[in-house]
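Okay, here's the structure, questions in a sec.
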Amino acid sequence: MSSEPSHPVTPAVRAAAAWSWRLLVIGGAVAGLVWAVAPLKTIVVPVAVALLLTVLLHPVVVVLTTRARLSRGGAVGIAVGGMVVLVLGLLTAAGATMVRGFGDLWTKAQDGFYKALTWLAEGPLEISSDDLDRYLDQLQDSLSGFSSQLVSGAAKASVTAGHIGAGVAIALFCLVFFLLDGRRIWTWLVGLLPSGARDPVHQAGRRGWMSLAAYVRTQILVAAVDAVGIGIGAAVLGAFQATTLASMAFSLAVLVFLGSFVPIVGALVTGSVAVLVALVAGGPWTALWMLVIVLVVQQVEGHVLQPFLMGHAVSLHPMAVLLTVAAGSLVAGIVGALFAVPLVAAANTVVLYLHGHDKFPELGTDDTLVHRRPPDAEPDAEAETVAEVEETAAEETAS
């Protein structure tokens, strides 16, 4: 009885090698995709923003078309127009309040600066006025040396403003057509696939879409809680201490609301801005109380809202959310931090469905985009739409 010679490499090493080269290939494919998309960020980012806004506005369009009996175009126009008016109104009101408040803040900042100079001259350090003048002259010389950099920075800012304007136009254009013809666009994309893969891809795409919708709704709720908590805290604190912080509470709330759409990091940055404004407006004690308010609100968000709401909505652990945001920010900055979590959440839902773990079993498989042809039929090389497939099936039944 002959026995095969034992393999010189153990099964564990062979399995590790198999996993290694596959992971390298996947990592290389992802890196290649990011490298290919990076030059097109002016187009890719607005399209991604339009997708998120489509998830947000789609229920509004459905309500307007079903209950208000409006046409599809009229419902889309009202939804998109209302969103634009609301965003511009909030930014205008917050900007006007911020501009009015910054005048007082600048005066207080100057007073604080002069008080600091007086303390340096008369306090324990006993720095002479000549030394202070010399330090201020050195600071002025250092700042004047950055004049050329400021000019080049202004030129870059003008280019960035142009890119932002183009991105906003692309996002609104795509948003309108996603809301009008999103189903048709998706049908065309799925129709490009082989007939056997169309229905699984469609069902996985539906579940990814539902995961995006859950993420957007939950993130709006979390951002609103942060904004209301910090805004009310700033208003009460400013009114109690009679500082300009109360008049800027609405602007801070809007800033926190917009910043909170970047999970974890956005709330931290905007909360720091609120503390700095409180420091300039009312001094160290006001800033300390503002810090307490920000920490309390963020603790409620981090230990109540994020684990229960966001974790349930996207099926990701809070630690996974934090690491995803960090990785996204390292790869693509603020844009990466903004889109990392919804992208990973949708991909997670799609992969789970394709592996037999349906996160949205209530969707079922009734909404079939493209039906499969009978097993004995010849494969059709052309992508078939729903209407074409149903017409073909009717003809075959009649014959």
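If you check Leu33, Leu86, Leu70, which single one turns out to be farther than 18 Å from Ala213 by Cβ, free of Cβ contacts under 8 Å to residues at least 24 places away in the same chain and buried (at least 16 other Cβ atoms within 10 Å of the Cβ)? Talk me through it step by step, then tell me what you get.
Working: Leu33 fails: buried (at least 16 other Cβ atoms within 10 Å of the Cβ); Leu86 fails: buried (at least 16 other Cβ atoms within 10 Å of the Cβ).
None of the other options fit; the residue is Leu70.
Between Ala246, Ala223, which is touching a Phe, Trp or Tyr at 6+ places or on another chain (Cβ under 9 Å) and not in a helix (DSSP H, G or I)?
Working: Ala223 fails: not in a helix (DSSP H, G or I).
Unique residue meeting the criteria: Ala246.
State the number of residues belonging to region 63-87 that are assigned to a helix (DSSP H, G or I) and more than 16 Å from Val176 (Cβ to Cβ).
Within region 63-87, the subset assigned to a helix (DSSP H, G or I) is 63-66, 72-87.
Filter again for more than 16 Å from Val176 (Cβ to Cβ), leaving 63, 66, 86.
Residues meeting the conditions: 3.
If a residue must be of a type in the set (Val, Ile, Thr), part of a helix (DSSP H, G or I) and surrounded by fewer than 23 Cβ atoms within 10 Å (Cβ to Cβ), how many such residues does region 226-243 contain? I'd like the intermediate steps shown before the answer.
Looking only at region 226-243, we keep the residues that are of a type in the set (Val, Ile, Thr), and these are 228, 230, 232, 236, 243.
If we keep only those that are part of a helix (DSSP H, G or I) too, we end up with 228, 230, 232, 236.
Filter again for surrounded by fewer than 23 Cβ atoms within 10 Å (Cβ to Cβ), leaving 228, 232, 236.
Matching residues across region 226-243 total 3.
For region 280-301, give me each residue that is out of contact with any Leu (no Cβ under 9 Å at 6 or more places or on another chain), at pLDDT below 80 and on the phi < 0 side of the Ramachandran plot.
Of everything in region 280-301, those that are out of contact with any Leu (no Cβ under 9 Å at 6 or more places or on another chain), at pLDDT below 80 and on the phi < 0 side of the Ramachandran plot turn out to be Pro284, Gln299, Val300, Glu301.
Something else: Being at pLDDT below 80, part of a helix (DSSP H, G or I) and open to solvent by 50 Å² or more (accessible area, probe 1.4 Å), is that true of even one residue in region 249-264?
No, every residue in region 249-264 fails to be at pLDDT below 80, part of a helix (DSSP H, G or I) and open to solvent by 50 Å² or more (accessible area, probe 1.4 Å).
Right, here's the next one. May I ask you to list the residues in region 171-184 that are over 18 Å from Val62 (Cα atoms) and open to solvent by 50 Å² or more (accessible area, probe 1.4 Å)?
Leu172, Phe173
Just a yes or no: is a residue in region 140-158 at pLDDT below 65, out of contact with any strand residue (DSSP E or B) (no Cβ under 8 Å at 6 or more places or on another chain) and outside any helix (DSSP H, G or I)? Don't jump to the end; show me each part of the working.
Here is the first cut: in region 140-158, the ones at pLDDT below 65 are 140-158.
Now narrow it down to the ones that are out of contact with any strand residue (DSSP E or B) (no Cβ under 8 Å at 6 or more places or on another chain): 140-158.
Right, trim to outside any helix (DSSP H, G or I) and you get 145-146.
Looking through region 140-158, at least one residue is at pLDDT below 65, out of contact with any strand residue (DSSP E or B) (no Cβ under 8 Å at 6 or more places or on another chain) and outside any helix (DSSP H, G or I).
Here's something else I'd like to know. Can you tell me which residue is modelled with the lowest pLDDT among those in region 341-358 that are open to solvent by 60 Å² or more (accessible area, probe 1.4 Å) and of a type outside the set (A, V, I, L, M, F, W, C)?
Filtering first and then ranking leaves His357.
Among the residues of region 186-206, count how many are surrounded by fewer than 15 Cβ atoms within 10 Å (Cβ to Cβ) and either closer than 16 Å to Ile43 by Cβ or among the basic types (Lys, Arg) (or both).
Count: 0.
The values are calculated or read from the model by the stated rules, or taken from the named source; none is laboratory data. Only a predicted model underlies this, so the values are computations on that prediction, with no experimental measurement involved. Glycine gets a Cβ as well: all are built from the backbone with ideal geometry, and neighbour counts include every protein chain shown. The protein model used for the area step is the full one, side chains on, heavy atoms only, and it has no ligands, DNA or RNA in it. Shrake-Rupley method; radii C 1.70, N 1.55, O 1.52, S 1.80 Å.
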